[in-house]
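Engineer: Provided herewith is a single structure, encoded as structure tokens, for subsequent inquiry.
Read-outs throughout are calculated quantities, based only on the coordinates presented, and are distinct from any laboratory measurement. Since this is a predicted model, take the numbers as computed values, not measurements. When we count neighbours, we look across all protein chains shown, and the Cβ atoms used for this are built from the backbone with ideal geometry, even at glycine.
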Amino acid sequence: MSAAFRPMTRRSLLRTFALTAVSTSVLTVGLAPAALASDQGGTITRAEAIQRGQRWVNLGVPYSQSDYYGDGDGHTYRQDCSGMVSMMWHLTTSRTTATFRDWSGWTKLGSYSQLKTGDALLGDGHIVMFDKWTDSAHTRMKIYQEPTWGRFAEHKTVAASYYTRNGFVPYRYDKIVEDASTGTPDAHGPLYMRTRTSGGAWASSATLADSNEAISATASATLSDGSLHVFNVIPNSGIWYRSRSASGAWGGATKIDTNGKISAIAATGLPDGTINVQAVVPGSGVWNRTRSAAGVWAGSAVKIDDNGDIVKVSSAGLKDGSLQVQTLVPNAGVWNRTRSASGTWAASAVKIDDNDEIISIAAAALPNGTMEFFGVVSESGIWNRGRSASGVWDASATKIDENGSIDGVSAAGLPNGTVEVTAVLAGSGLWNRGRSAAGAWDASATKIDANGKIFDTYTAGLADGTLYVGGLVNVA
């Protein structure tokens, strides 16, 4: 296993993205009302515990081991990990991880498989609240936590293996009441877009690109003619496609795939003017659909990987006309499959990283025929691995950002050889970091959108050097 993708310990995650704000949120986010059904120290439903935690996330309560913040019900709790869990359970005091360990008020669970919404995971010096599993194999989970100094209350995805590797033990509060809650609703919402000129100036505000509040995933592709192509997943409906011409005119939305079970997508343009879209269908694998240079979509998609455990996909179209598709397989790492310029898919995929704690992936192609792959590692940050024009992958990855709050990533290459990476930070918004054509990464990232409800993103580099960044804003 390559050591380069191993995460840092939580105690080392003290530094965050540079505070270079460009603008404010793309829309006002309402705060969840305080949960008032329970009494302090009394019984509490799983749904109410989650509602109380979401309030701190919405308010952006900063981590502190000395400061206290209100629960909206007249009580205050310490703003650290154990204080947040105490607040979510509406306890009479802010416990510590030490006093939680031998606490008589909870019961140790036999395994992670018994976890339910509102249960907790206790480790050495840290505790988090379990929300829900994000995949049927129970390899990824949504959690609530006050993480560490310099960060804020957050609701994010973490690989279960991160907690097992670090010795976290599952517990259930004895006064939690069973209800129908199975965790927070799956994220969905409208798509906003923000642009950056070829000179590097970001737009002061984002524009609404698609008002459909049911969108659950987004991706983009660009062509050498200056056009931008955006793809949105709508659960129980399929993939919807919209294009923007080089002159800036948007076309109407067109459904290009009717499979309502698609959970994740990627897209890329090729030098010959074709576009390829990859769709993850849980339990089935990855399917690829092609749009000809003339603008005609193939009547059906082609299955390119039958691994039903795949949860994420990214892709890049290279200068030589080949298509490179990366898939994230829980507990198995990241795999790359190649399609030649003539359209022949490789018989098998090649593992390019075996870290089982990667939660999000992205790829970018460059004018010189190289490509860059990016993986978000639970509680560690973003790691970058390159592939040469001759097809050789770097032996190890390089960490380009150590912010453990990063929950998603997208990337794009520009005609001048630079690379742009967009990170989704839980509860914070979108941050951009660039790499020069000479290979030097920006010393700090720039905050390009402060909306903490953004949950998915795409980054698109156009032929004229402009950059387009999309963000889905959760309304669930």
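Engineer: Taking the Cα centre of each part, how many Å lie between the stretch 97-144 and the stretch 148-210?
Structural biologist: Measuring centre to centre over Cα atoms gives 17 Å.
Engineer: If you take the square roots of the eigenvalues of the alpha-carbon gyration tensor of the stretch 274-333 and sort them as a ≥ b ≥ c, do you get rounded (a/c under 1.5), prolate (a/b over b/c) or oblate?
Structural biologist: oblate
Engineer: Once phi is turned into ³J(HN,Hα) by the Karplus curve 6.51 cos²θ - 1.76 cosθ + 1.60 with θ = phi - 60°, what whole-Hz value does each residue of the stretch 209-218 show in order, with x for glycine and proline?
Structural biologist: With the stated coefficients, the stretch 209-218 comes to 9, 7, 7, 5, 7, 8, 4, 10, 7, 9 Hz.
Engineer: Determine ³J(HN,Hα), in whole Hz, for all residues of the stretch 132-146 in sequence, where each value follows from phi through the Karplus function 6.51 cos²θ - 1.76 cosθ + 1.60 and θ = phi - 60°; x replaces Gly and Pro.
Structural biologist: Rounded to whole hertz, the list is 6, 7, 9, 9, 5, 7, 6, 10, 10, 9, 8, 9, 10, 7, 9.
Engineer: Considering Cα pairs under 8 angstrom that are at least six residues apart, work out the relative contact order of the chain and quote it in whole percent.
Structural biologist: 16 percent
Engineer: Going by the alpha-carbon gyration tensor, a ≥ b ≥ c the square roots of its eigenvalues, is the stretch 191-473 rounded (a/c under 1.5) or, if a/c is not under 1.5, prolate (a/b greater than b/c) versus oblate?
Structural biologist: rounded
Engineer: Please compute the Kirkwood hydrodynamic radius of the stretch 31-177 from all pairs of different C-alpha atoms, in Å with one decimal.
Structural biologist: Mean inverse Cα-Cα distance, inverted, gives 15.0 Å.
Engineer: Still on this structure: Over all pairs of distinct alpha carbons, what does the Kirkwood formula give as the hydrodynamic radius of the chain, in Å?
Structural biologist: Final number for the Kirkwood radius of the chain is 22.7 Å.
Engineer: Once phi is turned into θ = phi - 60°, what whole-Hz ³J(HN,Hα) does the Karplus curve with 6.51, -1.76 and 1.60 give for every residue of the stretch 161-177, x standing for Gly and Pro?
Structural biologist: 5, 4, 6, 5, 5, 9, x, 6, 10, x, 9, 10, 5, 5, 9, 7, 9
Engineer: If I model a spin label at S64 and D306 as a point 7 Å from the Cα along the Cα→Cβ vector, what separation in nanometres do I get?
Structural biologist: It works out to 5.8 nm between the two label points.
Engineer: Say a paramagnetic label sat at a point 7 Å from the Cα of A203, along Cα to Cβ; which residues of the stretch 396-426 have their backbone N under 11 Å from it?
Structural biologist: Answer for the stretch 396-426: none.
Engineer: Next up: Rounded, prolate or oblate: which fits the stretch 118-185 when a ≥ b ≥ c are the square roots of the eigenvalues of the alpha-carbon gyration tensor, with rounded for a/c under 1.5 and prolate only if a/b beats b/c?
Structural biologist: rounded
Engineer: Order the peptides 145-158, 387-400 from the highest to the lowest mean number of other Cβ atoms within 10 Å of their residues.
Structural biologist: In decreasing order of mean packing, 145-158, 387-400 become 145-158, 387-400.
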